[in-house]
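Read the structure below first, then the notes.
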Amino acid sequence: MSPARWPVGLALALGLAACQAMPVQLSRAADPALATEARSISSGNGELFARRVSPAEPAISLILLHGGPGMASSYLSDLEALADAGIEIISYDQRGSGASTRPDPGWGMEAYQADLERVIRSMATAPVHLFGHSWGGLLAMTYAAKHPAEIESLVLFGSAPPTHAALERAEASFLERVSGLQQSGVIGPPPALAVDYLSWVLPAYFANPLFKPPEALASLPIESEVNRQTWRALSDFDFRTEIGRLELPVLFIYGEADPFGRSTAESSLAALSSAQVNQVWLPACGHFWQECPDQVYPVIEQFLTQQAAVP
């Protein structure tokens, strides 16, 4: 895969009995009613770094699935504010990303799903709901399709599409956006080092390319090799049949200025043909909610509060 197609935000570009959770740190969050815990969770011959912020008696466990593949979960930390609404927030660095190691074998979807299952069984203390951003949205949809009795609902923000063909169209849309910003002088030529790629291309993800992202997003690390290996393992993927079986509630959020284009969202919505989908289209918002938090947080909280009230 060429450097221009490394992590395009989808990052794109794009035996449980033996599972042992080993506590690393336990502390109180700033709010005395909340507890914060970090753990290292065994995943085959590797380790997954996970974090939980939880009220005393959560009504919901919300598992946050970051984008990439290959991004870290640190940019999701602002969503921990939802814990004030009685929601247990669990995030983790996916295999080979952030503080998690690179277990062998496997970069295919089944390996990612197995990791997520370990995190859920080790960390969740309430009914499980999934939040998926970008690539994490695709992981959320396929996991829920594989474990329909375990997942109560999905919250998808800027989700990756369900097919390789749609992914290629999304990449083309993104690269057109990057080219336009280069021509206008907003961003310069591509960097020589892969480690600098995301910071260079980050303005293209926003409706306003001059938006100043929070530090957790601006300095976000990404493992380009993880990104390449994962998409290579998925190859010519098509998850429409599996996703089409989903019947659960879905909050589908998409920025109208998302550089991956409206057709990317439409391909996911078409696949979610049997789900109970609530669509939210955000004006003046791109691929990250940090650009439009006041439009996003209340919608997510309201949706999850409604789900918690369902008997």
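The values are calculated or read from the model by the stated rules, or taken from the named source; none is laboratory data. This structure is a prediction, so every number in the text was calculated from the model and none was measured. Cβ atoms come from the backbone with ideal geometry, glycine included; neighbour counts cover every protein chain shown.
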Check your understanding: Quick check, is L198 more than 21 Å from G244 (Cβ to Cβ), touching a strand residue (DSSP E or B) at 6+ places or on another chain (Cβ under 7 Å) and not in a loop (DSSP other than H, G, I, E, B)?
Key -> yes
Review point. Just checking, how many residues over segment 121-150 are out of contact with any strand residue (DSSP E or B) (no Cβ under 6 Å at 6 or more places or on another chain), surrounded by fewer than 24 Cβ atoms within 10 Å (Cβ to Cβ) and among the hydrophobic types (A, V, I, L, M, F, W, C)?
Key: 2
Study note, to complete from the structure: Residue hits (segment 36-84; among the hydroxyl-bearing types (S, T, Y) and out of contact with any strand residue (DSSP E or B) (no Cβ under 9 Å at 6 or more places or on another chain)) are S43
Practice item. Would you mind stating whether E215 is of a type in the set (D, E) and farther than 18 Å from A172 by Cα? Key: yes
Review point. Cβ-Cβ below 6 Å, separation at least six or inter-chain, first residue in segment 187-207 and surrounded by 15 or more Cβ atoms within 10 Å (Cβ to Cβ), second of a type in the set (S, T, N, Q): which pairs?
Key: A194/S224
Check your understanding: Somewhere in segment 217-233, is a residue modelled with pLDDT under 95, part of a strand (DSSP E or B) and in contact with a Pro (Cβ under 8 Å, 6 or more places away or on another chain)?
Key -> yes
Study note, to complete from the structure: F49 fails exactly one of (1) surrounded by fewer than 20 Cβ atoms within 10 Å (Cβ to Cβ); (2) at pLDDT 50 or above, namely (1)
Review point. So T101 clears everything in (1) part of a strand (DSSP E or B); (2) in contact with an Asp or Glu (Cβ under 9 Å, 6 or more places away or on another chain); (3) among the polar types (S, T, N, Q); (4) closer than 22 Å to Y143 by Cα except one condition, right? Which one?
Key: (1)
Practice item. Report yes if R102 is over 25 Å from L248 (Cα atoms), out of contact with any His (no Cβ under 6 Å at 6 or more places or on another chain) and buried (at least 16 other Cβ atoms within 10 Å of the Cβ), otherwise no. Key: no
